[in-house]
Each structure stands twice: as structure tokens, then as C-alpha cells.
């Protein structure tokens with residue numbers, strides 16, 4: 001009987017010892033989990049505050065800067081994903097113990113949910129900022145294209161063949177006035193170039209190529225349009241000089257024609273007999289046009 005009691009006592013002591021060890025192990029793992037939860041919670045709080053600071057920006061430069069910062073936060077969040085798996089593993093380890101783990105389970109699931117929400121917030125924030133810059137670039141591109149179309153319509157008649165010096169002067173004046181007031185078009189082009197350059201820093205290589213193609217085409221259109229206007233301006237100036245020189249050289253001939261017309265008109269009033277007709281014919285025959293100046 002004494003042996004039986006001793007054996008029972010020994011078993012109870014072993015059980016108490018095991019329970020003590022189990023309690024110690026449980027407490028250690030709980031402390032480890034709580035520390036991991038605290039560290040991860042602090043990180044999430046920091047990232048949430050940083051994301052909040054990126055909202056409410058308006059200028060293109062601010063949006064680009066916030067996009068890059070948001071992308072950095074998103075990268076950090078994605079690199080922190082193994083922490084969520086580690087929390088799940090630690091929680092599963094505690095399931096070996098016959099304890100109520102609802103408190104720890106709630107903390108783990110709550111932090112993982114917060115983590116997923118922050119990932120979504122950071123991702124959408126970057127997407128929204130990219131979309132804003134895309135829209136602004138498209139608007140600037142359309143504004144420039146519309147200005148260019150209107151400019152070509154406005155100056156189209158200047159490229160028609162002028163029939164006289166008055167039309168030459170009118171077309172020349174219109175081109176010169178347009179060139180002196182083309183700052184608006186230059187401003188629209190510069191706006192589009194600036195927005196395209198900023199947008200390209202956010203995009204993938206393929207998307208950036210598409211933006212650069214539009215920018216290059218717009219610059220070429222502007223260059224060709226201005227070049228055509230300057231060429232036409234030069235051509236009209238030369239034509240105006242030639243027409244003026246022609247008018248000067250044609251003045252003696254015009255004077256001679258006027259005098260001849262007057263003489264013919266006067267002589268027709270005196271053609272009442274044959275001798276008079278012969279005398280008038282001789283007068284007209286001796287008249288000759290003045291020598292023409294080289295044009």
C-alpha cells in the first residue's frame with residue numbers, strides 16, 4: 001500500500017512538473033506573439049500615417065512626388081507580408097495548449113485585416129494619382145491639337161495664290177500678326193510636354209513609349225507649322241517687292257497707253273474727210289512706246 005501511495009505521489013509530482021513546464025512554455029510563446037503583434041501594429045500605424053500625408057495634393061509635381069512615396073510604402077507593405085504568415089504560425093502553435101485563444105486570435109486577424117486594407121489603400125492611391133496625371137496629359141494634348149487645327153484654319157487663306165499686291169499685303173500682315181501672337185500655342189505645347197515628361201516617370205517602359213511618341217509628334221507638328229509660316233512670310237515679302245518693282249517699271253508704259261488712248265479719242269472727232277484721216281494716221285504711226293525698263 002505504501003508503494004502504491006508513493007507511486008501515485010510520484011505521478012502527481014510529474015504531472016505538476018509537466019503542467020508547470022507547459023504553463024511556462026505557453027507564457028513564453030504568448031509573450032513572443034504579443035511582441036510580434038506590437039511590432040507589426042507599430043509598423044502599420046506608421047505606414048497609415050505616411051499614406052494620410054500623401055492625400056490632398058494638387059500640382060503635378062506634388063502628385064508625382066506622392067506617387068513615388070506611395071509606391072515606396074506599397075513596396076514596404078508587400079515585403080512585410082511574411083510577418084502575417086509568421087503571426088498565423090505562432091497562433092497555431094498556441095492551439096496545442098488547452099487555453100482560450102479568442103483574444104489572441106482576434107488580435108491576429110485584426111492586424112492582418114488592417115494590413116490588407118493598407119495594401120489596398122496604397123495601391124489605389126498610386127493608381128488614382130497615375131489616372132489624374134493621365135487625364136491632365138490627355139487634356140493638355142487635346143488643347144494643343146485643337147489650337148493647332150484652329151491656327152491652320154485661321155492662316156489657310158494666306159497660302160492661296162495672291163492676285164494682286166493688296167492680297168499679298170493682307171496675307172503677309174495676317175501671318176506676321178499670327179506669329180507675333182503665337183505665345184498661346186507655345187504655352188499649350190510646353191504644358192503638354194511638361195505633363196508628358198512627369199507622367200512618363202510613373203509608367204512602365206512600354207506605356208512611357210506611347211506618351212513619348214505623342215509628345216514627339218506634337219513637337220514635330222509645331223515645328224513644321226511654324227516653319228511653313230516663316231517660309232510663306234518670306235515668299236510673300238519677296239513677291240511684294242517684285243510686284244512693287246513691276247509697278248514702277250510699268251509706269252512709263254501706262255503713261256504712254258493713256259496718252260495714246262487720249263490722242264486716238266481726239267483724232268476720231270476730226271475724221272470727217274479723207275485728207276484728215278490720212279493726217280491722223282501719220283500722227284499715230286510716228287508714235288512709239290517708251291523703252292521698257294528691265295523687271
query: Out of (1) touching a residue at least 12 places away in the same chain (Cβ under 8 Å); (2) under 18 Å from residue 35 (Cα atoms), what's the single condition that is false for residue 102?
result: (1)
query: Residues of the range 140-153 being surrounded by fewer than 16 Cβ atoms within 10 Å (Cβ to Cβ) and closer than 12 Å to residue 229 by Cα, which ones?
result: 152
query: Hey, among 171, 180, 166, 105, which residue is in the same structural domain as residue 27 (by TED's automatic domain parsing), on the phi < 0 side of the Ramachandran plot and over 17 Å from the mean Cα position of the chain (by Cα)?
result: 105
- request: Give the range 69-109 a look and list any residue that's part of a helix (DSSP H, G or I) and closer than 15 Å to residue 48 by Cα, or say none.
  value: 69, 70, 71, 72, 73, 74, 75, 76, 77, 78
field: Qualifying position, being surrounded by 14 or more Cβ atoms within 10 Å (Cβ to Cβ) and at pLDDT 90 or above, among 182, 227, 194
entry: 194
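The values are calculated or read from the model by the stated rules, or taken from the named source; none is laboratory data. Quick caveat: nothing in here was measured; it's all calculated off a predicted structure. Here Cβ is always computed from backbone atoms with ideal geometry, including for glycine, and neighbour counts include all displayed protein chains.
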